[in-house]
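First the structure, in the form of structure tokens, and then the observations on it.
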Amino acid sequence: MKVEAVRGMTDILPEEAVLWQYVEAEIREAVAIYGYREIRTPIVERAELFARGVGETTDIVHKEMYVFPDKKGQMLALRPEATASVVRAYIEHGLYAKGGVAKLYYLGPMFRYEKPQKGRKRQFHQYGVEALGSLDPALDAEVIDLAWYIMERLGLRREGLFLRLNSIGCPEDRPRFREALREYFLPHREELCPDCKRRLEENPLRILDCKVPTCREVAAGAPRSLDHLCSGCREHFERLLGYLDALGLAHELDPKLVRGLDYYTRTVFELASRDLGAQDALLGGGRYDGLAEALGGPPTPGVGFAGGLERLILVLGEREPPDKCFRLITGPTVYLLPVGEGEVTEALRILAQLRRAGIPADMDYAGRSLRKRLQVASQLGARYALFFGEEERARGAAKVRDLGTGHEEYVPLGELVSYLRGRSRRR
Ligand code: AMP
């Protein structure tokens, strides 16, 4: 019986991987320009980190997290997101002691047991930034500007994208807002899905996030978090709006945007694409001023976002691949053709020598005929075929054929590297 990949966990094949490499390189360069440095945290964490960080009642933790005991019975989880991990590492390594704002970014696989569909996988990849240590709304603006900058670098036109924005206030505002929501939803209890009936008791904010059509209908008239902000949160939001205007970053206020993670405070946002259908969010983020404290660290405000690489690839895959993509494909420049079995040892030596000199080189290992091997060399886009047989051995040379012009000459083995380098410079 064939062993297949796990449902919702996808192979990225070489043809596609080129686009991934391009997107990842663009993201790394973009975030570096904004002053973010990479942090790599483990894929496996204590399950408790996400229960405390993301929230016990969120779908991500409650329904979708891969949780398992290790051999000692400790409950572990495959990370469903990375903000909690980054903040854990920030506390664990005392990064706050350096003062100022810590600007960190990450890129890697995340795991959620969701129903797989277009743009939604069980193993998916996120890139994200976290800026820790400042309450300044200018930092919220910078993070949002960075999200746009990444899209611009990838050539995603602004017209196809839009920013959803909301403020969900601080923990002081939350009880009043929660009460207002409960009061509003209670008379509609019977119209809500079973999950939302539970949410009504546990955390009515999550009802605003529900995708079930009847729940959405009811939620349409729900109270808005923006009407329940304290003066500090209102001022923060207004200053953010001012900065976004100054930066020319358009946004749509979305009172139902609460995001599926409990750690958010104040600013929440999503950058979405009009071309993506139901799973339209390219990235989502916001402030999480209470997260560090909830994880046992010193009170440290933070703001960031996480975006899905799969969705970027989906949007980009429909366009002409950018030139930069092709530069990542390294076919062989030189294709080696040992003539006769006795010459394989020397051919391996020549290959190793060329490769160490940084010249992409390859040969056939499938026992093909000489004619067939020449065809393969052309198919792979090689510029030179390099023959090595009895005659060449006697001369201490290799016969180099320029596959473009057909020109052939014998080149002493010791001069191969400089010969090939010199010619590629002349072209
Ligand atoms: P979240 O961590 O839920 O705020 O999601 C942030 C971004 O990650 C979303 O906007 C998506 O682009 C991406 N994302 C989240 N879940 C998935 C998934 N299951 N499959 C693919 N991408 C995802």
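Data overview
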| item | result |
| --- | --- |
| Under the Karplus curve 6.51 cos²θ - 1.76 cosθ + 1.60, θ = phi - 60°, whole-Hz ³J(HN,Hα) for the range 272-280, x wherever Gly or Pro sits | 10, 10, 6, 8, 9, x, 5, 8, 8 |
| Cα pair distances in the range 264-366, grouped into 5 Å bins until the bin that holds the longest one, percent each | 2, 10, 12, 10, 8, 8, 8, 8, 8, 8, 7, 7, 3, 2, 0 |
| Solvent-accessible surface (1.4 angstrom probe) belonging to Lys63, in square angstrom, nearest 10 | 90 Å² |
| Linear extension gain, Glu92 paired with Gln375, 0.36 nm per residue minus alpha-carbon span | 96.1 nm |
| Around Pro412: net Lys/Arg minus Asp/Glu count, Cβ-Cβ under 11 Å | -2 |
| Antiparallel bridge percentage (DSSP; both residues within the range 334-426; nearest 5) | 55 percent |
| Å² of accessible area per residue within the chain, as computed with a 1.4 Å probe and no ligands counted | 49 Å² |
| Spread of Cα-to-Cα distances over 10 Å intervals beginning at zero, given as percent, for the chain | 4, 18, 24, 19, 12, 10, 8, 4, 1, 0 |
| Local electrostatic count, His236, Cβ distance below 12 Å [Lys/Arg +1, Asp/Glu -1] | -2 |
| Beta bridge orientation in the chain: antiparallel %, DSSP, nearest 5 | 80 percent |
| Most to least accessible of Asp280, Asp70 (protein chains only, probe 1.4 Å) | Asp70, Asp280 |
| Estimated FRET transfer efficiency when R0 is 51 angstrom, pair Ala17-Lys197 (beta carbons, to 0.05) | 0.70 |
| Förster-model FRET efficiency, 51 Å R0, Arg239 and Arg423, C-beta, rounded to 0.05 | 0.25 |
| Ellipsoid semi-axes in whole angstrom, largest first, where each is sqrt(5λ) of the Cα gyration tensor of the range 334-426 | 18, 16, 13 |
| Whole-percent carbon and sulfur share, accessible surface of the chain, 1.4 Å | 51 percent |
| Probe 1.4 Å - accessible area at Lys118, Å² to nearest ten | 120 Å² |
| Inter-label distance for Ala357 and Val3, nm, one decimal - labels placed 7 Å from Cα along Cα-to-Cβ | 4.3 nm |
| Listed peptides 129-142, 102-115 by packing density, highest first (mean Cβ within 10 Å) | 129-142, 102-115 |
| Point-to-point label distance, Arg274-Ala294, nm (Cα→Cβ direction, 7 Å offset) | 3.5 nm |
| Gained length - Asp145 relative to Thr405, 0.36 nm times residue gap less alpha-carbon distance | 88.5 nm |
| Computed lengthening from Lys211 to Glu179, 0.36 nm per intervening residue step minus Cα-Cα distance | 9.3 nm |
| Nearest-0.05 FRET efficiency for Val44 and Ser231, computed from C-beta distance (R0 45 Å) | 0.55 |
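The values are calculated or read from the model by the stated rules, or taken from the named source; none is laboratory data. Small disclaimer: the values here were computed from a predicted structure and weren't measured. Because the Cβ atoms are built from the backbone with ideal geometry, glycine has one as well, and the counts that use them run over all protein chains shown. Note: areas computed on protein heavy atoms with side chains; ligands, DNA, RNA excluded. Shrake-Rupley method; radii C 1.70, N 1.55, O 1.52, S 1.80 Å.
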